[in-house]
Amino acid sequence: MKYIIVGGVAGGMSAATRLRRLNEDAEIIVVEKGPYVSFANCGLPYYLAGEITDRSQLLVQTPEKLKARFNLDVRTNSEAIKIDPKNKSLDINNEGKTYTESYDKLILSPGAKPLVPDIKGISAADNIFTLRNLPDIDKIMDFVENKQPKTATVIGAGFIGLELTESLANRGIKVTIVEKATHVLPTIDTEMASFVQTELEKNNVTTITEKAAAEFKENGKQIILDDGSQIESDLTILSVGVKPDSTLAKAAGIKLGLKDGILVDDHYQTSEPDIYAVGDAIVVKQTTTKQDAVISLASPANRQGRQVADVISGLNRTNKGSLGTAIVRVFNIGAASTGLNEKQLQSLNYDYKVIHLEGSDHAGYYPGSQKMVLKVIFNSKNGEIYGAQAVGPNGMDKRIDIIATAIKAGVKVSDLPELEFSYAPPYGVAKDIVNMAGYIAENVLEGETDSIQWYELKDEMAAGAKLVDVRTPKEFAAGHMKGAFNVELDGIRDHLSEFSKDETYIISCKSGQRGYIAERILKQHGISCKNLDGAYDLYASVLGDEIVH
């Protein structure tokens, strides 16, 4: 059998090496249009930052090593330019010379390419870059080292945009980040992204949201935004997203779908016989909704590459979809997410509940303990977990990975208290934040607590609800929400006469725990009340101008 794989890196190389392990006698050719077939593209921003100092560390494998170990015929600087599905052949261009190779099975792993918006003046600029591969980072590094830019603008505040922002700032460059959406890191919800924006501002990064670049002037050194404002920028990096690199497939008549991604079945078979596709270029199913999605992440691409090799080799493997689990470091905090966010669930008209809670990465009494904020979204009837987000200096990765595993395994939110984690004071807490999320969600599902979200507070108060802050008087004096009055939790039973059974009260504390205790006390004395989910800390992070000091 003769296999040809178009594209290396995650999906392509996983497919090639797995094919060899299962088919020692097969002929396996890998065609890569760039100079490097296997490199750590996720490490490129950290090379720019100087954290990865040796460029060779980014080269995972070379053609020579792949030949020696796996007997792969790796052809770099070789671009696949035409597929003939009927005759099962592929035209390849290498340094201006074109030749044809036949195949028994063809695997497409072309990846995704950066979106370059059609903005006036962009073609005349010599200081605007995108980042996809090693040649791209070489160009950026050369510009930074030779031009010594003092200012930089990153357009797009997604995962890569934030990594590039941190990298440039750590080189001493004054960075502005521009995001068209309402908040940075649009894949997570507003209130969780607010912690990321605060971290950016702490590190002297200027954040501009709800605006987009409309024109580049002075060879790219002046950026005009769509509201007429302007930014002076020595260096600009576009990070507005990626799109499937499906040009080759489209020309061959292979069916495309969402965002021009390559349509495949659950065995990675395209619409053409003996042609398969994996990685960032394909349309997958979102695990929960089963709807089409394009998810450009390294982990799914690696998994898909292995699975397609198994399928071609006769093993029964199916693509079970992706959650889009991801994480980004932003200076001293990390933000991680899995599954669906609130905006997606609202667009789908799903019935859901949300909880926010604070917890420590390890025991609070052990030195170095740090707080994280966790958000869990679940079905309000059966407790199916839809998604989760976490922000904090440490430990958020572990918790999101746990919840991502729970979603894939069909674990309900009420099962989370049953999960057992390794515990010792330097590593965790006896009741992990994931366990606590399960307890809180259980209370919500069983009606032990009625909660409202931060964005519902104004409407509740406008409808007549009164806001009670049950923190200490000292905490209250340091900052509280407009319209709140203070009754400390520890003395609340002595003030029951101040609560009317004809009124509704919204209870708030620092993070939600004391508010819940107060809610249970008041309800059992016949007083109508609801708990403000996430409480003061969450509300203040999103709506700092609503805080009275």
* Could you count how many residues in region 90-143 are in contact with a helix residue (DSSP H, G or I) (Cβ under 9 Å, 6 or more places away or on another chain), among the β-branched types (Val, Ile, Thr) and within 30 Å of Ala213 (Cα to Cα)? -> 5
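Between Ser14, Ser56, Ser78, which is without any contact (Cβ under 8 Å) to a residue 24 or more places away in the chain and either over 25 Å from the mean Cα position of the chain (by Cα) or over 30 Å from Ala152 (Cα atoms) (or both)?
Within the list Ser14, Ser56, Ser78, the selection yields Ser56.
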* Select from region 78-91 the residues that are open to solvent by 40 Å² or more (accessible area, probe 1.4 Å) and charged (D, E, K, R) and write down the one among them that is farthest from Thr165 (Cα to Cα). => Lys86
* To do: Quick one: count up the residues across region 265-317 that are more than 30 Å from Tyr352 (Cβ to Cβ) and of a type in the set (Val, Ile, Thr).
  => 6
* Structure fact -> The correct count of residues that are part of a helix (DSSP H, G or I) and either in contact (Cβ under 8 Å) with a residue 60 or more places away in the chain or open to solvent by less than 30 Å² (accessible area, probe 1.4 Å) (or both) in region 216-246 is 2
* Do we find that Gly464 is open to solvent by 10 Å² or more (accessible area, probe 1.4 Å), at positive phi, in contact with a Gly (Cβ under 8 Å, 6 or more places away or on another chain) and of a type in the set (Gly, Ala, Ser) in this structure? -> no
* Does region 469-477 contain at least one residue that is acidic (Asp, Glu), surrounded by 19 or more Cβ atoms within 10 Å (Cβ to Cβ) and under 27 Å from Gly438 (Cα atoms)? -> yes
* Structure fact -> Scanning region 103-125 residue by residue, those buried (at least 20 other Cβ atoms within 10 Å of the Cβ), part of a loop (DSSP other than H, G, I, E, B) and small (Gly, Ala, Ser) turn out to be Ser109, Gly111
* Asked: Within the group Glu460, Glu448, which residue is closer than 27 Å to Lys412 by Cβ, outside any strand (DSSP E or B), among the acidic types (Asp, Glu) and within 36 Å of the chain's Cα centre (by Cα)?
  -> Glu448
* Taking Thr153 as the residue in question, decide whether it is β-branched (Val, Ile, Thr), outside any helix (DSSP H, G or I) and crowded, with 24+ Cβ neighbours inside 10 Å. => yes
* Structure fact -> The correct count of residues that are open to solvent by 30 Å² or more (accessible area, probe 1.4 Å) and either among the small types (Gly, Ala, Ser) or under 32 Å from the mean Cα position of the chain (by Cα) (or both) in region 481-510 is 4
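List the strands (runs of 3 or more DSSP E) that sit entirely inside region 287-393 and contain at least 3 residues that are crowded, with 17+ Cβ neighbours inside 10 Å, on the phi < 0 side of the Ramachandran plot and among the aromatic types (Phe, Trp, Tyr). Don't jump to the end; show me each part of the working.
On the way: elements: 326-330, 333-339, 352-360, 371-379, 385-392.
Filter on region 287-393 gives an empty set.
Among the candidates Glu191, Glu163, which residue alone is of a type in the set (Asp, Glu), under 18 Å from Ile52 (Cβ atoms) and not in a loop (DSSP other than H, G, I, E, B)? Before the answer, list the steps.
Numbers: Glu191 fails: under 18 Å from Ile52 (Cβ atoms).
After applying the criteria, what remains is Glu163.
Could you tell me whether Thr100 is hydroxyl-bearing (Ser, Thr, Tyr), under 30 Å from Gly334 (Cα atoms) and either in contact with a Phe, Trp or Tyr (Cβ under 7 Å, 6 or more places away or on another chain) or open to solvent by 30 Å² or more (accessible area, probe 1.4 Å) (or both)?
Details: hydroxyl-bearing (Ser, Thr, Tyr): yes; under 30 Å from Gly334 (Cα atoms): no; either in contact with a Phe, Trp or Tyr (Cβ under 7 Å, 6 or more places away or on another chain) or open to solvent by 30 Å² or more (accessible area, probe 1.4 Å) (or both): yes.
No, not satisfied.
I'd like the full set of residues that are touching a helix residue (DSSP H, G or I) at 6+ places or on another chain (Cβ under 9 Å) and basic (Lys, Arg), limited to region 521-537. Even if it seems obvious, please write down each step before you answer.
First, the residues of region 521-537 that are touching a helix residue (DSSP H, G or I) at 6+ places or on another chain (Cβ under 9 Å): 521-522, 525, 527-536.
Lys530 - this is the single residue of region 521-537 that is touching a helix residue (DSSP H, G or I) at 6+ places or on another chain (Cβ under 9 Å) and basic (Lys, Arg).
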* Can you pull out the strands (runs of 3 or more DSSP E) entirely within region 1-77 that have at least 2 residues that are open to solvent by 10 Å² or more (accessible area, probe 1.4 Å) and over 17 Å from Ile275 (Cα atoms)? -> 59-61, 73-75
* Among (1) in contact with a Ser or Thr (Cβ under 7 Å, 6 or more places away or on another chain); (2) in a helix (DSSP H, G or I); (3) open to solvent by less than 40 Å² (accessible area, probe 1.4 Å), where does Tyr516 come up short? -> (3)
* Structure fact -> When region 402-430 is checked residue by residue, the ones that are farther than 20 Å from Ile440 by Cβ and aromatic (Phe, Trp, Tyr) are Tyr427
* To do: For region 194-215, enumerate the residues that are under 20 Å from the mean Cα position of the chain (by Cα) and assigned to a loop (DSSP other than H, G, I, E, B).
  => Glu210
* Residue list for region 520-549, filter: among the β-branched types (Val, Ile, Thr) and either without any contact (Cβ under 8 Å) to a residue 60 or more places away in the chain or over 26 Å from His183 (Cβ atoms) (or both) -> Ile521, Ile527
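The values are calculated or read from the model by the stated rules, or taken from the named source; none is laboratory data. Nothing here was measured: the structure is a model prediction, and the numbers come from that model. Methodologically, a virtual Cβ is constructed for each residue, glycine included, from the backbone with ideal geometry; neighbour enumeration extends over all protein chains shown. Quick note on the areas: whole protein, heavy atoms, side chains included, nothing else; ligands and nucleic acids left out. Shrake-Rupley method; radii C 1.70, N 1.55, O 1.52, S 1.80 Å.
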